[in-house]
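Working notes, beginning with the structure itself.
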Amino acid sequence: MTKLLAVIERDLKKFRRNPLVIAMSVLMPIVYLVIIGNSFQGKLKALPMAVVNLDSGPYAKRVIENLRAIEAGPDTFTIFNINDRKVAVEGVKNGKYKAALIIPPDFSKRVVLKSGPEAGLFLDNTDGISSGAIRNSVGSAFRFLGTDYVSVRERYDRVHMREINLYSKVDYYQSLVPGVVIMAIFLGTLTTGAFNLVMDRFLGIDESYLLTPLSKSDIVSGLIISGLLITTVIAVLILVLSMLITGIPFSRGIEQYISVLIVINLTTLGLLSMMFLIMGRINHPRIVGILSGFLNVILFFPSGAVYPVASFPGWLKAFAKINPEAYAVNALKAVLFKRAGLADISGDIGFLLVFTLIMLTSSIVTFKRTL
Amino acid sequence: MKNRHDKAIEVLEITKKLGRTIAVDAVSFDVIDGEFFGFLGPNGAGKTTLIRMLTTLLKPDSGGAIVAGCNVAKEPDTVRHRIGVVPQAMTSDLDLTGYENMNIYGKFYGIPRKERQERIKQLLDTVGLAARADELVAAYSGGMRRRLEIARVLVHRPEILFLDEPTIGLDPQSRHLIWEIIGKFRKRDSMTVFLTTHYMEEADLLCDRVAIIDSGKVIALGSPEDLKARIPGNDIVSLTIPDISSGIAGKIEDLPFVHKLDVQDNAVRVYVDSGAQNLPVLIEKVGEAGGKVMSATIQEQSLEDVFIHYTGKSIREEVKKVSFLVGAGVPQKWGR
Ligand SMILES: Nc1ncnc2c1ncn2[C@@H]1O[C@H](COP(=O)(O)OP(=O)(O)OP(=O)(O)O)[C@@H](O)[C@H]1O
Ligand SMILES: [Mg+2]
């Protein structure tokens, strides 16, 4: 026991002597959250759109009102009123606007006469994402024209959709938080635990420790425990910071706090053991550098942190089934956004537990206590 | 007092192949309890590989060793408790202070707190690092680091101390300091010391017995005096003889105890057995031949000459190549 504690003590002391590493471990995931959260958000905002209204009738007026409502609400686009349709279309061509909407002079008249009212929407279709968003929003501004003229009774051949939010609204920024926490755990487990072994080997100082009566499990568990302590503290710190930044409300239930801690600890332990299994024989930090990029891509992106697992193709879905980060993201999302309790995430916890046990035993068994 | 064994180390036909080279080739020898035993050999001779096998770091391909009464292969843990090893490369933690390095090491051996603290203080005093114990090792010089590492492996009072080229790359002053320290510890704790080196004077000065190793094989073993006595012409007598003629030189060469003769102007170097006894005979013979000895010095042969005698090559030629690699604080990987 003294020996195990000494391994942990040595590792923590060495970690503390590198303040830059500590600062970076906390800062990087937060910067990641801010950059991803603001660069490709779930909904597009403030796309510039030129509007040319040539009709003074009541229906054109209502369309404009609806557009203003969208601008004020979801803010998909920002309206620029233009008088000349040529200027508007030119603006789309040279990139000043993402779209130009032109309401012809006879628009209201045609609505009244039911002779097929038309409005023109010029889109910059080189930018598929914004043009799609504008098409949908503008379409919704015209939708009243259809419903106004259907009878008051419900029509049964028509599907009415109404959005029902089961949980309090989660915006895109907030939905990234579980992923950012997992990212912090990944970085933590990569740079503690087995990495210290790699560095000791690289510097040639492992020899002096292999000469002592430390057992295989003293070495492996000691490094894993110190990695667990360091990474848990960082992950919790990042969770709290990113909840504050994105405005996720803190729960009042003790069960949620326990659940979050269990998920963070188990994920950390699982990844640390996995790293030990992978890096157990590596003796150069450069190999760890290469591995880190690779592991991050294959674990993080298929985890559901940025894109839902349900939308993956079959083979990737199958991989997500054995990806510990996917279970961790799932469990964290459930606890943070759905107020789930321990029972609700027992499946995820079960998987993480089994994963950790398998990785830990195999890393201790395969670890070689010789040079 | 720990249980002692007549033989501190028994090595039997130990062999290790690394890559394509047989680094250690069926080596056998014994080290007597309390002895200062040296392994002398040039770079790549197999010294580090041998030490690593004796200290549980490498498994031999065949053969084996009993160290401090335990079979290295069967009871590595007991062996680790009974030995202290200073590897060839610097292995102290740069991110820890000198004291922390020793303290952690003591904990690895499960030494109780109070005993540990006292022992560390005493050791740091002896190696002259007490004043700088709380500085990070990163701020130590190469010689200081070495002294710390020697002190560190003595925290648990080992029976046998293994030192793999402990003075490599150090200046003569630091080297002498380390020799002095090793001597002090050895006396105080009556330890067996196993040292490898490629410095002749180190082996000559420190060791009770020396094994000379080359290309994985032990080619000679004995006390330095024994080894030197074993080679013919173990003393060199330098004579100054003005106007030396070929007749005088021939007379000297005919003497039964003379092996070789070098003549350069007035200076004559004569390789002889038992120089002190035979010097009067030499002077007499020169006089008989009509010459006059103006001065004479007797010089013992060194282990260097022993090495040349057994291997046909000088140990120093190979040494120079690497010594510049070894600087203070530079992480080194030796023979890995
Ligand atoms: N990992 C390895 N793979 C292949 N060959 C090796 C390895 N390590 C050592 N060797 C070879 O084994 C031989 C003995 O090496 P060793 O390190 O034991 O020599 P040494 O006597 O300690 O030399 P030095 O004085 O340079 O430390 C050398 O020929 C070396 O090249
Ligand atoms: Mg060596």
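For the reader, a short list of remarks on this structure follows.
- For the range A:172-366: rounded, prolate or oblate by the Cα gyration tensor [a/c cutoff 1.5]: prolate
- Taking one quarter of the surface of the convex hull spanned by the alpha-carbon atoms of the range B:7-227 gives a direction-averaged projected area of 11.6 nm².
- Karplus-derived 3J(HN,Hα), 6.51/-1.76/1.60, for each residue of the range A:349-358, Hz, glycine and proline x: 4, x, 4, 4, 5, 5, 4, 4, 4, 4
- Remark: the range B:121-231 projects, on average over all directions, an area of 8.1 nm² (convex hull of Cα atoms).
- Acute angle (nearest 10 degrees) that the helix B:98-108 long axis makes with the longest principal axis of chain B, alpha-carbon atoms: 70 degrees
- Label-point gap, in nm, between residue B:30 and residue A:24 - each point 7 angstrom along Cα→Cβ: 5.7 nm
- DSSP assigns beta bridges within the range B:145-250; of those with both partners inside it, close to 50 percent run antiparallel.
- Semi-axis lengths, Å, chain A, gyration tensor of Cα atoms, sqrt of 5 times eigenvalues: 57, 22, 17
- With Cα atoms, 0 to 90° folded angle of helix A:194-203 axis to chain A main axis: 60 degrees
- Along each principal axis, taking the top coordinate minus the bottom one, the Cα set of the protein assembly as shown gives 150, 59, 47 Å in descending order.
- Beta bridge orientation in the protein assembly as shown: antiparallel %, DSSP, nearest 5: 60 percent
- Acute angle (nearest 10 degrees) that the helix B:113-126 long axis makes with the longest principal axis of chain B, alpha-carbon atoms: 30 degrees
- Taking every DSSP beta bridge that has both ends in chain B, the antiparallel portion is near 70%.
- Candidate cross-link partners of residue B:251 among the lysines, defined by an alpha-carbon separation under 16 Å and a same-chain spacing of 8 or more, comprise B:260, B:285, B:292.
- Exposed loop sites were defined as chymotrypsin sites (Phe, Trp or Tyr not before Pro) in DSSP loop states (anything but H, G, I, E or B) carrying at most 14 other C-beta atoms within 10 Å; in chain A the longest segment without such a site runs A:251-371.
- Using a simple spin-label model with pseudo-atoms 7 Å out from Cα toward Cβ, residue A:292 and residue A:255 lie 3.9 nm apart.
- Probe 1.4 Å - accessible area at residue A:281, Å² to nearest ten: 120 Å²
- Compactness relative to 2.2 N^0.38 Å, alpha carbon Rg of the range B:167-220: 1.23
- Among the trypsin sites (Lys or Arg not before Pro) in the range B:14-44, those placed in a DSSP loop whose Cβ has at most 13 other Cβ atoms within 10 Å are B:20.
- Residue B:230 versus residue A:70: modelled label distance in nm, points set 7 Å from Cα along the beta carbon direction: 9.9 nm
- Theoretical FRET efficiency, 1/(1+(r/R0)^6), r = Cβ-Cβ of residue B:269 and residue B:186, R0 41 Å, to 0.05: 0.65
- Between residue B:95 and residue B:261, residue separation times 0.36 nm minus the direct Cα-Cα distance comes to 53.9 nm.
- Expressed as a whole percent, the accessible surface of chain B that belongs to carbon and sulfur atoms is 51, based on a 1.4 Å probe.
- Taking each DSSP H run with n ≥ 4 as -39500 (n - 2.57) and averaging over every residue of chain B yields -11000 deg cm²/dmol at 222 nm.
- Between residue A:121 and residue A:13, the contour length at 0.36 nm per residue exceeds the alpha carbon distance by 32.4 nm.
- Viscosity 1.002 mPa s, 20 °C: Kirkwood-radius Stokes-Einstein D of the range B:1-131 over Cα pairs, µm²/s: 128 µm²/s
- Dipole magnitude of the range A:172-366, debye to nearest 20 (Cβ charges: Lys/Arg +1, Asp/Glu -1, about Cα centre): 400 debye
- Whole-angstrom gap from the range A:3-52 to the range B:247-295, using each part's C-alpha centre: 85 Å
- Lysines whose Cα lies under 22 Å from that of residue A:13, excluding same-chain neighbours fewer than 8 positions away: A:3, A:216, B:107, B:114, B:121
- Alpha-carbon centroids, the range B:91-112 and the range B:44-67: separation in whole Å: 25 Å
- Per-residue ellipticity at 222 nm, computed for chain A from helices alone with -39500 (n - 2.57) per DSSP H run of at least four residues, works out to -20500 deg cm²/dmol.
The values are calculated or read from the model by the stated rules, or taken from the named source; none is laboratory data. The structure presented is a predicted model; accordingly, all values stated were derived computationally and were not measured. For neighbour counting, all protein chains shown are included, and Cβ atoms are generated from backbone atoms with ideal geometry for every residue, glycine included. Just so you know, the surface numbers come from the protein's heavy atoms only, side chains and all, with ligands and any DNA or RNA stripped out. Shrake-Rupley method; radii C 1.70, N 1.55, O 1.52, S 1.80 Å.
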